[in-house]
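Note sheet for the following structure.
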Amino acid sequence: MTIDWKKEVEARQDDMFQDLFELMRIPSVREDDKGTKDAPLGPGPKDALLKFLEFGERDGFITKNVDNLAGHIEFGEGDETLGIFGHVDVVPVGTGWDTDPFEPIIKEGRLYGRGSSDDKGPSMAAYYGMKIIKELGLPVSKKVRFIIGTDEESGWTCMDRYVEVEPKPDFGFSPDAEFPIINGEKGNTTILLTTGGSNGEAYRLESFTAGLRPNMVPESATAVVTVSDEAAIASMKQAFDAYVEKEPVTGEFSQEGNKVTILIKGKSAHGASPESGINGGTYLANFLDTFAFEGDAKHFIHLVSEYIHGDTRGHKLTIAHTDDIMGELTVNAGIFNFKADGKDNAVTLNIRYPKGITSADMVEKLTALVADTAGVQEVSTTLPHYVPEDDPLVQTLLQVYRDHTGLEAKGKVIGGGTFGRLLDRGVAYGAMFPNSIDTMHQANEFMAIDDLMNAAVIYADAIYRLIK
């Protein structure tokens, strides 16, 4: 039986994008301050989950809601279950958008809006692949379960709860990365470098703030500094103008009395690829490090400027490591917080690491490096994950990709973490193609329409081959 998957996807294009637009209009950013017993992560993630489950009920699938944190859409019969893991939460909007991030719009063949590529667009493409199989009444020998998360971008609270009450699928994939396949993911650890709040007199750092999430490169950073005299302020302003002129950043310098506010703006990017961004926080520290701060303010600034700025591989932090299969360790300084009262002062490091080094190793090395000026605190860690390329799951998915693209394909390891790692035999599969432009976690996030359509074709064929 030959099925024209492309024709089937094209016949449903309008419906797919109508559903996707509805989903993207929901501002599903985690908001703990708005959390309730009924909506633990805030109203947005819950509403997006309910909307997706509503699509499943409309289309005749079996659905289940797990505490408004996660849910699934299921069909088929058999002893084994294929799991497809998507997520409907999105990272905060940030600044720099040319359009309303929660009003999806198509321009020049691209769908713009938060979640278009991470991960509402790819999730919808995979869901429609599954929907096509059901609507065609194709024979299947396994169950397929589309599992929806609401906290992938933060702490995976959704999946922690889901696997407590639901059995894990036997194998599966997450449409939350790139083709041809991601069969390896680096470990992911978050470590705080903490300081107090002591200061000097000539330059007093009142505050230094940057970043929205550990897994985002901070686009902008702001410092408020009290400077002792007018001449010093004039000199700082002159130095600032020269700095932004020569560095790949923009900025603003304002004064009110003897207090100055300094803003530096770079470029956001996904924390798994920190080299793709321009970290406003490290550039601001690098500028301030030329002035005579004292105490903890000096330690905070110098720590960032000396050991983090311009190095996303951890060499200066003494934690650099490379594995032949999984590649290099990467470091993203995602959140910066300093206040003169010393409360919660820290630089938050999000580290993606290969096999061969552990979070304990990193804590030990960082502690030795900064013992005299800062503290080191591990917040969380996830171990590296790898599915061998000769696994039948990997081989099947690679062959589907080859059949639909005519391109060669082999496994790949990334620094990003996807729900694929929840399963021993779990991978990430699409939806970006090798020539796609990656705008995940950035302003003006988009996904090419052709990419979404082609991904849906591949997903439909792949799902069927895995469950028939």
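Computed from the coordinates by the stated procedures, all read-outs in this text should not be read as laboratory data. Computed from a prediction, not measured in an experiment: that's the story for all the values here. Cβ sites come from the backbone with ideal geometry, for glycine too, and all protein chains shown count toward neighbours.
Convex hull volume of the Cα atoms of segment 1-95, normalised per residue: 143 Å³. Residues Arg30, Arg58, Arg161 in ascending order of nearby Cβ atoms (within 10 Å, fewest first): Arg58, Arg161, Arg30. The distance separating the Cα centre of segment 288-321 from that of segment 196-258 comes to 15 Å.
Sparse packing (at most 15 other Cβ atoms within 10 Å of the Cβ) combined with a DSSP loop state is found for the following trypsin sites (Lys or Arg not before Pro) in segment 345-418: Lys410. For segment 188-382, the Cα-based Rg and Dmax, in that order, read 16.5, 56 Å. You can think of it this way: the chain between Ala239 and Gln399 has 51.9 nm of extra reach, that is 0.36 nm per residue less the Cα-Cα gap.
For the chain, the residue among Ile325, Phe253, Ala234 whose Cα projects farthest onto the positive side of the dipole built from Cβ charges is Ile325. Within the straight-line cut-off of under 19 Å between alpha carbons, the lysines reachable from Lys267 are Lys246, sequence neighbours fewer than 8 places apart in one chain being disregarded.
A straight Cα-to-Cα reach below 19 Å connects Lys259 with the lysines Lys237, Lys298, Lys339, residues fewer than 8 places away in its own chain not being considered.
If the only charges are +1 at each Lys and Arg Cβ and -1 at each Asp and Glu Cβ, what is the size of the charge dipole of segment 320-468 around the Cα centre, to the nearest 20 debye?
Numbers: 12 positive and 20 negative charges, 51 e Å.
Dipole magnitude for segment 320-468 comes out near 240 debye.
Whole angstrom only: what separates the Cα centroid of segment 27-41 from the Cα centroid of segment 113-168? If we compute the Cα centre of each part, the gap is 21 Å.
By the count of other C-beta atoms within 10 Å, a proxy for reagent exposure, Lys46, Lys51 are ordered fewest to most as Lys51, Lys46.
Just check segment 330-427 against the gyration tensor rule for me: Cα atoms, a ≥ b ≥ c as the square roots of the eigenvalues, rounded for a/c under 1.5, and otherwise prolate or oblate depending on whether a/b exceeds b/c. It is prolate, given that a/c is not under 1.5 and a/b is the larger ratio.
By the count of other C-beta atoms within 10 Å, a proxy for reagent exposure, Ile62, Ile301, Ile467 are ordered fewest to most as Ile62, Ile467, Ile301. Computed from Cα atoms, the angle from the helix 13-24 axis to the main principal axis of the chain rounds to 40 degrees. Among the GluC sites (Glu not before Pro) within segment 293-393, those in coil by DSSP and having at most 16 neighbouring Cβ atoms inside 10 Å are Glu294, Glu389.
Counting only residues at least eight positions apart within a chain, or on another chain, the aspartates and glutamates with an alpha carbon under 19 Å from that of Lys265 are Asp98, Glu219, Asp241, Glu245, Glu247, Glu252, Glu275, Asp289, Asp311, Glu445.
When only alpha carbons are used to place a centre, segment 54-90 and segment 396-424 end up 22 Å from one another.
If only the Cβ of Lys and Arg carry +1 and only the Cβ of Asp and Glu carry -1, the dipole of segment 188-382 around its Cα centre is close to 380 debye. In units of the compact-protein estimate 2.2 N^0.38 Å, the chain shows a Cα radius of gyration of 1.04.
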